[in-house]
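Notes to accompany the following structure.
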Amino acid sequence: MRDGLSKDLITRVLGAAPKWTLEELEAKFPPRQLEEGAFVTRFAPSPTGFMHIGNLYGALIDYKLAQQSNGVFMLRIEDTDTKREVSGAVEIVKNAMASFGLQYNNDEKYGPYYQSKRKDIYHSVAAYLLEKGLAYPCFLKPTEMDEIRKKQTAAGFATGIYGEFARDRDLTDEEIIAHLDNGEVPSIRLYSNGNPENRIYCKDAVRGSISFPENNEDLVLIKSNDGLPTYHFAHLVDDHFMRTTHVVRGEEWLPSLPLHYQLFRTMGWMPPLYIHTSTLDKIDSETGKQRKMSKRKDAECNVDFFLTEGWPTEAVIEYLGNILASGYEDAKMKGMVKNYWEYEMKPKKIPMSGALFDMKKLEWWAKEYIATLPVPDLVKFVVGWAKEYGSDDNKKQIADIDYLTSILSIERDNPKRIRKDFITWKQTLNEIAPFFDFLFVPNKEYEYNTDALREFIMTFDENDDKDAWWQKIVCTAEKLGLKPGDVAMNLRVVMLGRTNTPDLYFVMQVLGAERVRARINMII
Ligand code: GLU
């Protein structure tokens, strides 16, 4: 601790008088009135223009913990790094949240939710710390800090602004005034009283208690260039006044945990409970080894990929949910819960390291999910995707909704035998492409029995029921000394160009007499 600054000096240091006292802030953002055990969580992305699958994973934990405890889930935009800002980045985040069904509840009372709009709040807390001698203005210039770093490196010391290297931590009022008169704008640093020889015990909901050496660095709380807070200070202030109970964030923040504990202690505030999530790994297709996902190498690293490629968002959530709570798959298969939202997730069980995201596994979840969709929903999703992301051909495929619906209805009426060959909306449209004349490519390689085709077409009647239809195939086969299966196979390839198709009778029903005849005539 050092001597605190006077109110006048604080006003000069911060460029304006603080708007609120600490007591006023406490009253302005009172503890939330929620039922006991309710989680208050937030997803706090920096708007970089890219939403990583790991962000979605974290946001899902936040959402789920709030949802299952009747708590509150917020979206906070961490836009204090003005250099990194990208226009349209917030829309990318909001669009992803909406697409994946992660609804946030930003109660105005605890806002604003853009950090760039909370400057007055940060400055008011900084004023308190300056007044108590727990923080100080620092006038070190970048070149001077470089000098310090060089000296430290040469002498084999840890780098940073601490102890004797923190030139300005004990400036007198007169010295501070001289700097200000000189037109210099300070940063505000914490007056750290930590000693790295001591240990600080911190808690992580998954890892339990972890000890770190105490921090002795005089962390920057408010930056000099724009008066905005650093991540550390914004986290302290926002998560206290937004009354966050659980902070879910990437494990890259784990080394900062002792700093955050120190900051909360300095304020006399209770820290939230932290949950540091593991990065998502994948199996490298070349080496077969598990590695971190890479923005450069892996398309699926970008959440947008799942939207543009038409992955069912609910299936992505189910799969991510199962990574988070490995018992979910079992509970679902046993019919104990219908979907992930009904399953209780336990923070303690979140994987601590090496969580694996495997596209093959996702395919399984997607197939299972689509198989359970009622046809109208399937149609709605496919159409919605095609309108937003589909090619011109895809858009033509959805033009006749009745035809599309009849195609997608094939083999979906028997719950025990629902086809499981649809994975994404895009692939679904690809899969059914041969039903559309403008996309149909006759199979020229297949060795057709044209006699069988000629014979069958003479007897074909679109109004036949399945038995009558099959009888005609049997008759054709008998006449020509073939097996009925051979005749059916010929028809299959004629109809859709391939040997593997859904139920042939229904395929022909959906195609209709005109197409059936045209396709047979094309071959004979
Ligand atoms: N803006 C930080 C990030 O994107 C947030 C970390 C946190 O959730 O506290 O990593």
**Prompt:** Give or take rounding to whole Å, what are the principal axis extents of the alpha carbon atoms in the range 393-502, in descending order?
**Reply:** 43, 33, 23
**Prompt:** Relative to the first principal axis of the alpha-carbon coordinates of the chain, what is the inclination of helix 142-155, with its axis defined by its Cα atoms, in degrees from 0 to 90 and to the nearest 10?
**Reply:** 90
**Message:** Taking the 0 to 90 degree range and rounding to the nearest ten, how far is the long axis of helix 53-68 tilted relative to the main principal axis of the chain, both from C-alpha atoms?
**Reply:** 80
**Prompt:** Where a ≥ b ≥ c are the square roots of the eigenvalues of the C-alpha gyration tensor, would you call the range 322-403 rounded, which needs a/c under 1.5, or, failing that, prolate if a/b is larger than b/c, or oblate?
**Reply:** prolate
**Message:** As a quick test, which of the pairs Lys334/Lys360; Lys64/Lys94; Lys332/Lys395; Lys203/Lys361; Lys420/Lys479; Lys64/Lys289 have an alpha carbon distance above 25 angstrom in this structure?
**Reply:** Lys332/Lys395; Lys203/Lys361; Lys420/Lys479; Lys64/Lys289
**Request:** Find which of Asn106, Val90, Phe29 sits farthest along the positive direction of the dipole of the range 5-123, computed with +1 on the beta-carbon of Lys and Arg, -1 on that of Asp and Glu, about the Cα centre.
**Result:** Val90
**Message:** Rounded to the nearest 20 debye, what is the charge dipole size of the range 307-348 about its Cα centre when +1 sits on each Lys and Arg Cβ and -1 on each Asp and Glu Cβ?
**Reply:** 200
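DSSP loop GluC sites (Glu not before Pro) in the range 133-220 with at most 15 other Cβ atoms within 10 Å of their Cβ, which ones?
Within the range 133-220, the qualifying GluC sites (Glu not before Pro) (loop, at most 15 other Cβ atoms within 10 Å) are Glu184, Glu197.
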**Message:** Per q in 0.14, 0.25, 0.31 Å⁻¹, report the Debye log10 I(q)/I(0) for the range 236-288, using one uniform scatterer on each alpha carbon and no solvent.
**Reply:** -0.45, -1.00, -1.24
**Request:** Return one number: the angle in degrees, 0 to 90 and rounded to the nearest 10, between the long axis of the Cα atoms of helix 89-99 and the longest principal axis of the Cα atoms of the chain.
**Result:** 50
**Prompt:** Using unit Cβ charges (K, R positive; D, E negative) and no other charged atoms, how large, in debye to the nearest 20, is the dipole of the range 12-76 about its Cα centre?
**Reply:** 300
**Item:** Those aspartates and glutamates that a straight Cα-Cα span of less than 15 Å connects to Lys380, excepting residues fewer than 8 apart in one chain
**Value:** Glu314, Glu388, Asp400, Asp402
**Asked** Which whole-number value in Å² is the accessible area per residue of the chain, probe 1.4 Å?
**Response** 48
**Request:** Tabulate in residue order the Karplus-calculated ³J(HN,Hα) for the range 473-488, using 6.51 cos²θ - 1.76 cosθ + 1.60 with θ = phi - 60°, rounded to whole Hz; enter x for Gly and Pro.
**Result:** 5, 4, 4, 4, 4, 4, 4, 9, x, 10, 8, x, x, 5, 5, 4
**Asked** Kirkwood hydrodynamic radius for the chain: how many Å is it when counted over pairs of different Cα atoms?
**Response** 27.7
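Quick check on packing: order 397-408, 121-132 by the mean number of other C-beta atoms within 10 Å, highest mean leading.
121-132, 397-408
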**Fill in**
Per DSSP, the loop-located trypsin sites (Lys or Arg not before Pro) within the range 321-363 having at most 14 other beta carbons within 10 Å are Lys334, Lys338
**Asked** What's the carbon and sulfur percent of the chain's accessible surface, probe 1.4 angstrom, rounded to a whole number?
**Response** 50
**Prompt:** Per-residue HN-Hα couplings for the range 106-114, Karplus 6.51 cos²θ - 1.76 cosθ + 1.60 at θ = phi - 60°, whole Hz, x for Gly and Pro?
**Reply:** 8, 4, 3, 3, 9, x, x, 9, 9
**Message:** Please report the net charge: other residues with Cβ closer than 14 Å to the Cβ of Leu378, K and R +1, D and E -1.
**Reply:** -1
**Message:** Please state the shape class of the range 209-336: rounded when a/c is under 1.5, otherwise prolate if a/b exceeds b/c and oblate if not, all from the C-alpha gyration tensor.
**Reply:** prolate
**Request:** Check cross-link reach from Lys151 to the aspartates and glutamates: straight Cα distance under 20 Å, and skip same-chain residues fewer than eight apart.
**Result:** Glu164, Asp168, Glu217, Asp218
**Request:** Would you mind working out the magnitude of the charge dipole of the range 352-451 relative to its Cα centre, with +1 at each Lys and Arg C-beta and -1 at each Asp and Glu C-beta, to the nearest 20 Debye?
**Result:** 460
**Request:** Could you pull out every one of the aspartates and glutamates with an alpha carbon less than 20 Å from that of Lys483, ignoring same-chain neighbours closer than 8 positions?
**Result:** Glu447, Asp451, Glu455, Asp467, Asp503
**Selection of GluC sites (Glu not before Pro), the range 277-366, meeting DSSP coil and at most 11 other Cβ within 10 Å** = Glu286
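The values are calculated or read from the model by the stated rules, or taken from the named source; none is laboratory data. Remember, it's a predicted structure, so these values are computed and weren't measured experimentally. FYI the Cβ positions are ideal-geometry reconstructions off the backbone, even for glycines, and counts take in every protein chain you see. Only protein heavy atoms, including side chains, enter the accessible area calculation; ligands, DNA and RNA are left aside. Shrake-Rupley method; radii C 1.70, N 1.55, O 1.52, S 1.80 Å.
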